[in-house]
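Written out below as structure tokens is the structure these notes cover.
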Amino acid sequence: MIRNLGAAALRLLEPETAHGLAIAALKHAPLPRPASDDPVLATRLAGLSLPNPIGLAAGLDKNAEALAGLSRLGFGFLECGSVTPLAQPGNPRPRLFRLTSDRAIINRMGFNNDGLDAFAGHLSHRPAQAIVGANLGANKDTEDRAADYVTGLRRLAGLADYFTVNISSPNTPGLRALQGRAALDDLLGRVAEARNTPAPVFLKIAPDLTAAEIAMIVEAALAHRIDALIVSNTTLDRPQTLRSGDRAEAGGLSGAPLKTLALAALRHAAEAAEDRLPLIGVGGIASGGDAYERIRAGASAIQIYSALIYEGPALVGAIKRDLAARLRADGFSTVTEAVGRAR
């Protein structure tokens, strides 16, 4: 209750100010350890043993500085970043907008972060039991984006449990062009050559892709030994149903309005992958029912972020309890048994 009251209070503040205060609280507040997870939620993802399949999506903790607090909220895994080789300020403020009536967020942050060295320093003091991933990005002004991802992979080797190659943020000009086959082959080929760690490497894609484009990305990922696909990032789409005053702001839209688009993209990826590539579902997930729907559609795990802003950190436990009950009600003894069962 106290945590959720704190989340409600933060929503009264300007969004980016509230975000900074939330990170500060997670760094310093003496949060209790979460209760042990229901055994039915234990699962594996690309060789990682997860206590539960509920992950934190990238974007909340860009510099991996609040891992002590985040690790006590009950997540099965945490993804930090995006981090770029060099520190950069990102886009001018304001760049983060709450669409409260729509339970949504628009952001055009622009990969603001303190750079790889600061990120690595924080990871070196991470909580021992937490499963932490590093979401890699490219600097805005770099001349060779693929080289930036390689630099990130090499610099953080041995510090992160997995890596995500993020080529789907809409807020770095030209970044999404890396989702084309020629650019993707070049990028993933160079990443494959640079891998000097057993940690798995994931690829994060946009929801604004056709089924054919997603199928192409799946094949490229398999060809270059990518270990899982994260589906999906924020969208540039603006549904006609949006009501909030900031609905026309530029940037990526996340939260409840992304749900339908992200679920469709996941289904396209599952159809193309044919169980050859693990999938992680992201976008518009705000309940145990939403999480279960993604798992049955083909996701081995899910990630949340925007819903935490509106529901508070108790959402993690609520999703886990509901998901465990749904799995048992349908006769499943593990998460893995339910993956893709709606296909």
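Values for this structure:
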{"quantity": "Which listed residue, of THR164, THR234, is under 19 Å from ALA104 (Cβ atoms) and of a type in the set (Ser, Thr, Tyr)", "calculated": "THR234"}
{"quantity": "Which listed residue, of ALA211, ALA194, ALA199, ALA220, is over 23 Å from THR151 (Cβ atoms) and either surrounded by 22 or more Cβ atoms within 10 Å (Cβ to Cβ) or of a type outside the set (Val, Ile, Thr) (or both)", "calculated": "ALA211"}
{"quantity": "Residue count for the stretch 234-277, restricted to those that are in contact with a Pro (Cβ under 9 Å, 6 or more places away or on another chain), among the hydroxyl-bearing types (Ser, Thr, Tyr) and surrounded by 13 or more Cβ atoms within 10 Å (Cβ to Cβ)", "calculated": "3"}
{"quantity": "Some residue of the stretch 211-232 being of a type in the set (D, E, K, R), within 19 Å of VAL165 (Cβ to Cβ), part of a helix (DSSP H, G or I) and free of Cβ contacts under 8 Å to residues at least 60 places away in the same chain", "calculated": "yes"}
{"quantity": "Any pair with Cβ under 9 angstrom, 6 or more apart, that starts in the stretch 147-171 at a residue that is farther than 21 Å from SER124 by Cβ and touching a residue at least 40 places away in the same chain (Cβ under 8 Å) and ends at one that is of a type in the set (Phe, Trp, Tyr) and assigned to a loop (DSSP other than H, G, I, E, B)", "calculated": "ASN166/PHE111; SER169/PHE111; ASN171/PHE111"}
{"quantity": "Residue in the stretch 145-153 that is among the polar types (S, T, N, Q), modelled with pLDDT of 95 or more and part of a strand (DSSP E or B) present", "calculated": "no"}
{"quantity": "Strands (runs of 3 or more DSSP E) completely within the stretch 1-115 that count 2 or more residues being aliphatic (A, V, I, L, M) and either over 26 Å from PRO257 (Cβ atoms) or touching a residue at least 12 places away in the same chain (Cβ under 8 Å) (or both)", "calculated": "48-50, 54-56, 77-83, 96-99, 104-107"}
{"quantity": "Candidates ILE319, ILE302, ILE280, filtered to the one that is in a strand (DSSP E or B), within 21 Å of SER36 (Cβ to Cβ) and touching a residue at least 12 places away in the same chain (Cβ under 8 Å)", "calculated": "ILE302"}
{"quantity": "Residue in the stretch 160-176 that is assigned to a helix (DSSP H, G or I), modelled with pLDDT under 95 and either over 27 Å from SER49 (Cβ atoms) or touching a Phe, Trp or Tyr at 6+ places or on another chain (Cβ under 8 Å) (or both) present", "calculated": "yes"}
{"quantity": "Checking ALA42 against (1) surrounded by fewer than 20 Cβ atoms within 10 Å (Cβ to Cβ); (2) within 25 Å of ASN107 (Cβ to Cβ), the condition it does not meet", "calculated": "(2)"}
{"quantity": "Qualifying position, being hydroxyl-bearing (Ser, Thr, Tyr) and surrounded by 22 or more Cβ atoms within 10 Å (Cβ to Cβ), among SER82, SER49", "calculated": "SER82"}
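The values are calculated or read from the model by the stated rules, or taken from the named source; none is laboratory data. Since we're looking at a predicted model, the values are computed, not measured. Note: ideal-geometry Cβ built from the backbone for every residue, glycine included; neighbour counts use all protein chains shown.
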